[in-house]
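First the structure, in the form of structure tokens, and then the observations on it.
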Amino acid sequence: MATKTVGRAAGHSLSGSPQVPSTAPQRPPSLVELFHPLIAREIAAIGAIDSAIAHESHPSYVVLLHATKLNKQANVEQMATVIRMTGGDPPEQAVLRKLMMKAQTVLTWRLGGTTATLSAMRFAELDLLRRYTSALDHADGLARHAVRKALTRTIVQWHILTAHLARQTGRGASMLPRPLREYFAGQTPKACMRCHLDRPGSHPPLERVDPHPYTYICAGCHDDVRAEFPPDLASQMDGWPPRVQDARVLQHAIGRPSTLHAFHAVLQPLSGLPVEVPVPAVAKAIIVPAIEPPPQPAAHESATTQVDPMSEGEREYVATLFDYRSVRRFW
Amino acid sequence: MPFSQIDTNAAIDRWVPSTCGLCSIGCRVDIGVSGQTIVGVRGHVGHPVNSGRLGPKGLNQYFANRHPHRATAPLIRGRDGRLLHATWDDAMALMVDRFNEALAIDGPDAVAIYNSGQLLLEEYYTLGKIARAGLGIANIDANTRLCTATTAASLMENFGADGPPGAYEDFEQTECIVLVGHNAAEQSTVLWMRILAAKAGPLHPKIIVIDPRRTFTVATGADLHLQLKPGTNVALLNGICNLLIENGWIDRDFIAQHTIKFEQLRDIVSTYTPEHVERICGVPSDKLRQAAEWIGTSRTTVSTCLQGVYQSNQATAAACAVNNIHLLTGKIGRPGCAPFQFAGQPSSMSTRETGADGTYPAYRNWEDANHMIDLAARWNVPVELLGKKPVGAPEIFELCEHGYVKVLWNIATNPAVSMMNRTSHLRTLNGVFLIVQDCFADTETAQLADVVLPSAMWGEKTGCMTNAERRVTLLRKAVDPPGEAKSDFDIFVDFAARMNLRDADGAPLIQYIDPEDAFDEWRMVSRGCIPDYSGMSYERLDETGGLQWPCTDARPEGTTRLYSDLSFPTAWYVSESYEKDIETGHEHTLNEYREKRDPRGRAVFVATDYQPPNDTTDAEFPLIAISGRQVYHWHTRTKTGRAPLLHDAAPGIFISVNEEDAAELGIRDGDIIEVISRRGSVGGPAKVGDVVPRGVVFIPFHYGELGDVHAANNLMPKLWDPVSKQPVQKIAAVRVEAAARTSEEPWWQRKP
């Protein structure tokens, strides 16, 4: 029930009217008061993720954990930027919280493995989600942008975790805005290394196993990535051997441009948020050449060159090289 | 007598010790100064790298310093589209505002830094620290991605970490030299002089050149030329490996004790018989056998790779195949034996060592929590904010193209000419907020800038460079930069302060203000790591003229060659990388590597089947275009285009066409032709001859002024190697059309 509210609340939050009860103090908090607790929690969560990465044996989930960590690092950097701009202090270290969360993560992993860890992570995300929703009330200007972005990442993260837990435990699928089959199409739980789900698609999923590093791209991402190839290469793909086609798709799928695009174009809608693909900036009005055409080298500059080969073997080569015109016959 | 070039009638006040700022050999030079003007250079007599020798570019490099078009004041683009003079305060304030705005609104994905292989070590270190520990971004890379990324990738795959194992003296101590995709006579002139001297010496090394073109190198020193089809390096090198194994020219004890995955290699290369290789590569089988015999029966072998490997099809796989040859024959870690995976630029090595190419400093592994904890402690920053997977330059430009990156800081490089699939990259550069920091304000990239920051160049600042044999040299400032230009180092320090970047205690993140203090911090950060600089200091570098890392308190004289103990940094806790999939670039996780793959100090054979290039020839595009450099120019001619002799020697584009292809197409020497690929075209005069084989055209990549059609990169596809992320800039399927017949003599036929 609580998490069902989350999706709606989050969606409303982004349009400015959160449903989550406000925890705001009477006096508007300063930026430092607003951001330091959030930064402390995110840093502690990253520490916990690092512990989970150290214990997680399945590569797909390691990639998911790294992606979660990257999002949390981005949240911290955005808030830290806003604090820096005002001349504020660096984010607090949150040593005690960090240690507690790390210990908790290790314990959780040992007791319940991946599922329990994902469950604990989702719990932490829910707490952050509430706090970001509340913070949005009190932030304006660039700070509001930063909170909004962090809230978006947190909502997406919560939905990824919810979908995984629903797939693994059979519980909680109703909290997702779309049917579970849109998140997981396969027979066994798997995590795509691009979207971290296992979405359906018209092309088959791609999987590489030992002796290769384990690699998995779901059918949905296979479709999406093929569509990302520029026309001059896309038109040739069918002529490549199947192994090469798959390799090029996997190469592209795990790269940052494609994973970031998946976040905005795939994961946001699967989290009840709109697709949010940036619009490439409009070409600037420029004057070319910027100053004036570069002049030819000044003809009056003359210099005396002296070359003295160290050995007989070099002599002919050096003579040709410093003739400045004879080498042309080798072009 | 050293090689020298001095202004006619110049009166030299002083000679200032430095290192050549072009190519990766690292020749020691003395800069001749009169007042505040560089008036000449000379090779440094007795230096172990060049013994007083210099190449044409090295001798002419000082003309760029005093060229009238040096950037001398900051520029900001005005509303009318013109670049207008500004104060440093205004330019930096605008830059900082845009960085902060992008970081606050969209986060670290929204900004990117693209730097160079031509700055100084202290500058790279500072920039890398700003990016990783200050801004928290992963979008930082250098143009070394275009030249030396595969070097690092192949060394990591085979040996566990970057770091070329050999020393230049190995060229004088070997019986066989194999140059793979390395036109040394044009790209590494002083090295080629040394090789030719060695060839005339007591060991008379056999020289094998593997290159699609009949190059200057082939003509002046090759004993055997394997003229393969472009993009087929892997097949040919697998064929050599197969012959080495088949004929027993391998070191079985070395393989058993110091390597893993020999069986996988043997199984894959066994199908690459000389006849099969001939069908793929076009190299006669007897020549392949001859090459394998020379390599296999020589007691010592040195090999080199350059852009013919790194910018071609299957780059990392091919570079690893060269390393495989050394592992098969046990020719590593001893005099006269080394795979020289070369760097392309004078301080490419420093970029890679310090992490300005997106890696973490001192070859730390971003996935290893202990490496990050150690680095965070030395930097005094929260470890939680480190450990981000590097994003390579092709990916950064794709992020720009799609609008994710809003602000791009471009430092000492000219991607408007040098990036593959150039047309799309020009749109990209035109769309982002572009800050260009360069010594010239008229480069093609600077013309698209929103802010231009004028920087000092070679000879105008102090700092270190590391060459391709790991030798660190100190370049002393000889003259002041012109006008208001500042050193890149000073700009970085200023930027960090204006951004209010701080460490975990609230102290400034960058606490030094001069390069020597930065170097001392770098020594501390590198201590105990693979590229250990802890035993170096400016004073010792001045005294010795250069030291090879690792250089420690216990080993103050430095280290001539790596792996002399035949122990490789492949164990999980030291390895810089966890073995990537050569076909996809995906990397093992730490746990996968530790549990299933850890070679525990042994080197790794990396075997791959040949795959044809992805940009395929067909009836519409029947030829292959390859690109490359000329001896008299450097990259996009930002510097060499300003030197009279160099400009005169190579004033413009040409397109090399095989004489038989030309006859079929009705093309004569000097005719203007158009080369068309699936994504763009290049126009220029045809240079007809037998340098390129049938079916291939060659275009130098130095040219590409905005608004003309001279850029070879107009043709090249948006493809990059999966492991090294190095763009494929030597393979494009094209057709050639005759455009115009001219009565003028082409420039290469004109008399002086």
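The values are calculated or read from the model by the stated rules, or taken from the named source; none is laboratory data. Quick caveat: nothing in here was measured; it's all calculated off a predicted structure. In this analysis, Cβ positions are derived from the backbone assuming ideal geometry, glycine residues included, and neighbour counts consider all displayed protein chains.
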Next item on the list: State which residue is surrounded by the fewest Cβ atoms within 10 Å (Cβ to Cβ) when the search covers only the stretch B:342-366 and only residues that are part of a helix (DSSP H, G or I) and among the β-branched types (Val, Ile, Thr).
Entry: B:Thr354
Notebook entry, point to check: Which number in (1) among the acidic types (Asp, Glu); (2) within 14 Å of chain A (Cβ to nearest Cβ); (3) within 27 Å of B:Arg266 (Cα to Cα) marks the one condition that B:Asp615 misses?
Noted result: (3)
Check: Which condition number does B:Ala153 fail, the rest of (1) buried (at least 24 other Cβ atoms within 10 Å of the Cβ); (2) within 14 Å of another protein chain (Cβ to nearest Cβ); (3) free of Cβ contacts under 8 Å to residues at least 60 places away in the same chain; (4) touching a Ser or Thr at 6+ places or on another chain (Cβ under 8 Å) being met?
Finding: (3)
Checklist line | Single condition B:Thr413 does not satisfy, out of (1) within 14 Å of chain A (Cβ to nearest Cβ); (2) part of a loop (DSSP other than H, G, I, E, B) | finding: (1)
Check: What strands (runs of 3 or more DSSP E) completely inside the stretch B:168-267 contain at least 3 residues that are within 22 Å of the chain's Cα centre (by Cα) and in contact (Cβ under 8 Å) with a residue 40 or more places away in the chain?
Finding: B:176-180
Next item on the list: Report, by residue number, each residue of the stretch B:1-23 that is touching a Ser or Thr at 6+ places or on another chain (Cβ under 7 Å), within 14 Å of chain A (Cβ to nearest Cβ) and surrounded by 24 or more Cβ atoms within 10 Å (Cβ to Cβ).
Entry: B:Gln5, B:Cys23
Notebook entry, point to check: Across the stretch B:74-120, what is the total count of residues that are more than 8 Å from chain A (Cβ to nearest Cβ), over 24 Å from B:Arg145 (Cα atoms) and in a strand (DSSP E or B)?
Noted result: 3
Notebook entry, point to check: Just to be sure, is B:Gly683 in a loop (DSSP other than H, G, I, E, B) and among the small types (Gly, Ala, Ser)?
Noted result: no
Checklist line | Residue list for the stretch A:69-111, filter: farther than 15 Å from B:Val383 by Cα, modelled with pLDDT under 70 and among the small types (Gly, Ala, Ser) | finding: none
Next item on the list: Go through the stretch A:248-290 and give me each residue that's at pLDDT 90 or above, in a loop (DSSP other than H, G, I, E, B) and either more than 10 Å from chain B (Cβ to nearest Cβ) or surrounded by fewer than 20 Cβ atoms within 10 Å (Cβ to Cβ) (or both).
Entry: A:Ser271, A:Gly272, A:Leu273, A:Pro274, A:Val275, A:Glu276, A:Val277, A:Pro278
Notebook entry, point to check: Of the numbered conditions (1) of a type in the set (S, T, N, Q); (2) facing chain A (nearest Cβ under 8 Å); (3) within 30 Å of B:Asp267 (Cβ to Cβ), B:Gln630 satisfies every one except a single condition; which is it?
Noted result: (3)
Note to self: Take the residues in the stretch B:156-186 that are of a type in the set (S, T, N, Q) and buried (at least 24 other Cβ atoms within 10 Å of the Cβ); name whichever of them is nearest to B:Asn324 (Cα to Cα).
What the structure shows: B:Asn158
Next item on the list: From (1) part of a strand (DSSP E or B); (2) closer than 22 Å to B:Leu306 by Cβ, pick out the condition that doesn't hold for B:Arg53.
Entry: (1)
Note to self: Let me confirm something: among B:Arg42, B:Arg66, B:Arg82, which residue is over 24 Å from the mean Cα position of the chain (by Cα), within 28 Å of B:Ser348 (Cα to Cα) and either at pLDDT below 95 or of a type in the set (Asp, Glu) (or both)?
What the structure shows: B:Arg66
Note to self: I'm checking my understanding of the structure. Among residues of the stretch B:44-73 that are more than 9 Å from chain A (Cβ to nearest Cβ) and without any contact (Cβ under 8 Å) to a residue 60 or more places away in the chain, which one is nearest to B:Cys20 (Cα to Cα)?
What the structure shows: B:Val45
Next item on the list: Identify all residues within the stretch B:203-239 that are out of contact with any strand residue (DSSP E or B) (no Cβ under 9 Å at 6 or more places or on another chain) and within 25 Å of B:Gly333 (Cα to Cα); write none if there are none.
Entry: B:Leu203, B:His204, B:Val234, B:Asn238, B:Gly239
Check: Can you name the condition, by its number, that B:Gly58 falls short on among (1) assigned to a loop (DSSP other than H, G, I, E, B); (2) crowded, with 24+ Cβ neighbours inside 10 Å; (3) not charged (D, E, K, R)?
Finding: (1)
Item checked: Filter result for the condition that a residue is touching a Gly at 6+ places or on another chain (Cβ under 7 Å) and more than 9 Å from chain A (Cβ to nearest Cβ), over B:Tyr563, B:Tyr573 -> B:Tyr563
Margin query: For the stretch B:159-187, give me each residue that is among the small types (Gly, Ala, Ser), in contact with a Gly (Cβ under 8 Å, 6 or more places away or on another chain) and away from every other protein chain (no Cβ under 12 Å).
Written below: B:Gly181
Margin query: Quick check on my filter: what residues within the stretch A:207-254 are of a type in the set (Asp, Glu), over 18 Å from B:His402 (Cα atoms) and out of contact with any strand residue (DSSP E or B) (no Cβ under 7 Å at 6 or more places or on another chain)?
Written below: A:Asp210, A:Asp223, A:Asp238
Notebook entry, point to check: Somewhere in the stretch B:122-130, is a residue touching a Leu at 6+ places or on another chain (Cβ under 6 Å), of a type outside the set (Lys, Arg) and modelled with pLDDT of 95 or more?
Noted result: no
Check: Which one is surrounded by the fewest Cβ atoms within 10 Å (Cβ to Cβ) among residues in the stretch A:192-224 that are among the hydroxyl-bearing types (Ser, Thr, Tyr) and assigned to a strand (DSSP E or B)?
Finding: A:Tyr216
Check: Can you name every residue in the stretch B:728-745 that is polar (S, T, N, Q) and surrounded by fewer than 17 Cβ atoms within 10 Å (Cβ to Cβ)?
Finding: B:Thr742, B:Ser743
